[in-house]
1. Restricting attention to region 16-66, and to residues there that are part of a strand (DSSP E or B) and among the charged types (D, E, K, R), which single residue is farthest from Asp219 (Cα to Cα)?
2. Mind listing just one residue for me: the one in region 178-210 that is more than 12 Å from ligand 1 (Cβ to nearest atom) and surrounded by fewer than 14 Cβ atoms within 10 Å (Cβ to Cβ) and, of those, nearest to Leu280 (Cα to Cα)?
3. Tell me yes or no: at least one residue of region 259-281 is among the charged types (D, E, K, R), more than 16 Å from ligand 1 (Cβ to nearest atom) and in a helix (DSSP H, G or I).
4. For Val391, which of the numbered conditions (1) among the β-branched types (Val, Ile, Thr); (2) loosely packed, with under 13 Cβ neighbours inside 10 Å; (3) in a strand (DSSP E or B) fails to hold?
5. If a residue has to be in contact with a strand residue (DSSP E or B) (Cβ under 6 Å, 6 or more places away or on another chain), closer than 30 Å to Pro397 by Cβ and charged (D, E, K, R) to count, how many in region 314-353 make the cut?
6. Select, from Phe359, Phe328, Phe314, the only residue that is more than 22 Å from Asn76 (Cβ to Cβ) and out of contact with any Pro (no Cβ under 9 Å at 6 or more places or on another chain).
7. Being more than 16 Å from ligand 2 (Cβ to nearest atom) and either under 25 Å from Pro397 (Cα atoms) or not in a helix (DSSP H, G or I) (or both) is true for just one of Glu196, Glu175. Which residue is that?
8. Count, please, the residues in region 215-229 that happen to be of a type outside the set (Val, Ile, Thr) and either in contact with a helix residue (DSSP H, G or I) (Cβ under 8 Å, 6 or more places away or on another chain) or surrounded by 15 or more Cβ atoms within 10 Å (Cβ to Cβ) (or both).
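The values are calculated or read from the model by the stated rules, or taken from the named source; none is laboratory data. Small disclaimer: the values here were computed from a predicted structure and weren't measured. A quick note on method: Cβ atoms are made from the backbone with ideal geometry, for glycine too, and the neighbour counts reach across all protein chains shown.
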Amino acid sequence: RAPTSSHTGRTFKVDSPNVVYTDNVIKSKYTYRTTSVAQDSNGGLVATPKETVYDFKVQRRVGRVGMMLVGWGGNNGTTVTAGILANRRNLVWDTREGSRAANYYGSVVMASTIKLGTNSTTGKDVNVPFHNLLPMVHPNDLVVGGWDLSGMDLAAAMDRAAVLEPTLKNQIRKEMAQMKPLPSVYYPDFIAANQEDRADNVIPGSKASMAHVEQIRKDIRDFKAEHSLDKVVVQWTASTERYASIIPGVNDTAENLLNSIDAGHEEIAPSTIFAVASILENAPFINGSPQNTFVPGATELATQHSAFIGGDDFKSGQTKMKSALVDFLISAGIKLTSIASYNHLGNNDGKNLSSHDQFRSKEISKSNVVDDMVAANTVLYQEGEKPDHTVVIKYMPAVGDNKRALDEYYAEIFMGGHQTISLFNVCEDSLLAAPLIIDLVIVAEMMTRIQWKAHSASADTGSDGKKDEGYRGFHSVLSILSYMLKAPLTPPGTPVINALAKQRAAMTNIFRACVGLEPEADMGLEHKLF
Ligand code: NAI
Ligand code: DG6
């Protein structure tokens, strides 16, 4: 299917000597301003403004993009696929509350705006859709495919998921029924025993093998060829696995990991097999579940191949709220002392998580999400001090995909007082996760078209001529995806940012830099100095 969609809303061009548009690329010269802090001989801090000048280059042609989902027949997989079909066809359906139309609500890229600047005449803010910041793939144009342990076609799987209205499902049933997940890799030890009855679509072999890696690689290549795609992004939205043990000599280096796969080592998870296959195919791979798919050997392999990886665990409901609320409380000078987070849900994810080892993976990813905000406030917290934080998840079939998340935030305020915030959050799990799956693909694909280099005065910024050399991609570990993820993966040795507003700012400001625009400072001096 030829791409047909165009982004709506206001487009713009930057008028600056630092920005050049050609038919193929956008080039910008960008001055990155930071503050370097050192300690003087008396132990005092000295802050020095620092400037680094970069050249960015963005390929304008998006090309044809495929999205391959592992766990395609699950609640998230079927919901995101149905959502794309419905949007593509501008579908409208009846509900008991009136008619509803397809949209991309919940996608930060598709449904939010950024402030471009202030109107030169009125002084009012001018906002543009996020997706107009740079040439990005439109989700309607994504070609969707993938794998699942369950061989059910996507129409039947969508019914099993029990997420969407029958009046919508009826309009896309025919198309969904033609979609069938590819057989997948099943190592029963990694997911809950209660998932066994789904596993009727498996590639033979119940532990790691190079043949499995090769089969997944072939699947990616075949999908690309069959649909004439320029690139494919692979995403794990399959069941949560248990953690893999990190064993020296087994999965600690790229070489050891490949050897261990070859030797059929039992500590290699299916998700790591998919990660390795994607890396070797140079297809960006994103882990939407909490387990440690990216064992050190997998991260090293990605770096060696300059292949993009991102993870872990979609940040959809309770945790997204937490990473905004905790940032607000601590930045407001309120000392958060405990967070009690309780969930109950009745979908298949909840069933899988009712098994201890799989729950443990989720408990870890849901628990570490406030560390950076706490550590940043040395007025409220002594070194090593943290709020109490507990996470409970219970399987309650009756509520299906409509997860209930109850949170109590308990904080110390002025003069020994207390503030207690209780939240009851009904998180329609897959409807919150589906737009994140889309954002992760759009942003990951975007990153395949951005290159940078340290600025050199002799650089040719005006054409694709000979001097146009020395550009390279961002680091393999795409921490720019952090906004969509609970436990963001970052390049080794670099800080993890969980605060939601900072995560969004990182994404929008990097994209702004690519068109030579300053970060949005929110100072509003133009309205304050008269
Ligand atoms: P689901 O249980 O409905 O779907 C998972 C699918 O993965 C199933 O169809 C299952 O057959 C398949 N599967 C399991 N192992 C597989 C393998 N090795 N290869 C291929 N397919 C395999 O779960 P749901 O709700 O779609 O969630 C998917 C994942 O996303 C879970 O790990 C969940 O924890 C995670 N997640 C979900 C969020 C949400 O809001 N829905 C948010 C954050 C993470
Ligand atoms: C229990 O919380 C089940 C999980 O799979 C979550 O639904 C999912 O991880 C979303 O979590 P959160 O904290 O982003 O709402």
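1. Here is the first cut: in region 16-66, the residues part of a strand (DSSP E or B) are 19-21, 25-39, 45-59, 65-66.
Within this subset, residues satisfying the condition of being among the charged types (D, E, K, R) are 27, 29, 33, 50-51, 55, 57.
Numbers: Lys27: 35, Lys29: 40, Arg33: 44, Lys50: 48, Glu51: 46, Asp55: 37, Lys57: 32 Å.
So the residue we want is Lys50.
2. Result: Pro204.
3. yes
4. Evaluating Val391 over (1) among the β-branched types (Val, Ile, Thr); (2) loosely packed, with under 13 Cβ neighbours inside 10 Å; (3) in a strand (DSSP E or B) leaves (2) as the failure.
5. Total satisfying the criteria: 2.
6. Values: Phe359 fails: more than 22 Å from Asn76 (Cβ to Cβ); Phe314 fails: more than 22 Å from Asn76 (Cβ to Cβ).
Within the list Phe359, Phe328, Phe314, the selection yields Phe328.
7. Numbers: Glu175 fails: either under 25 Å from Pro397 (Cα atoms) or not in a helix (DSSP H, G or I) (or both).
Residue meeting the stated conditions: Glu196.
8. Initially, region 215-229 is screened for residues of a type outside the set (Val, Ile, Thr), giving 215, 217-219, 221-229.
Of the ones still in play, those that are also either in contact with a helix residue (DSSP H, G or I) (Cβ under 8 Å, 6 or more places away or on another chain) or surrounded by 15 or more Cβ atoms within 10 Å (Cβ to Cβ) (or both) are 215, 217, 219, 223-224, 227, 229.
Final tally of qualifying residues: 7.
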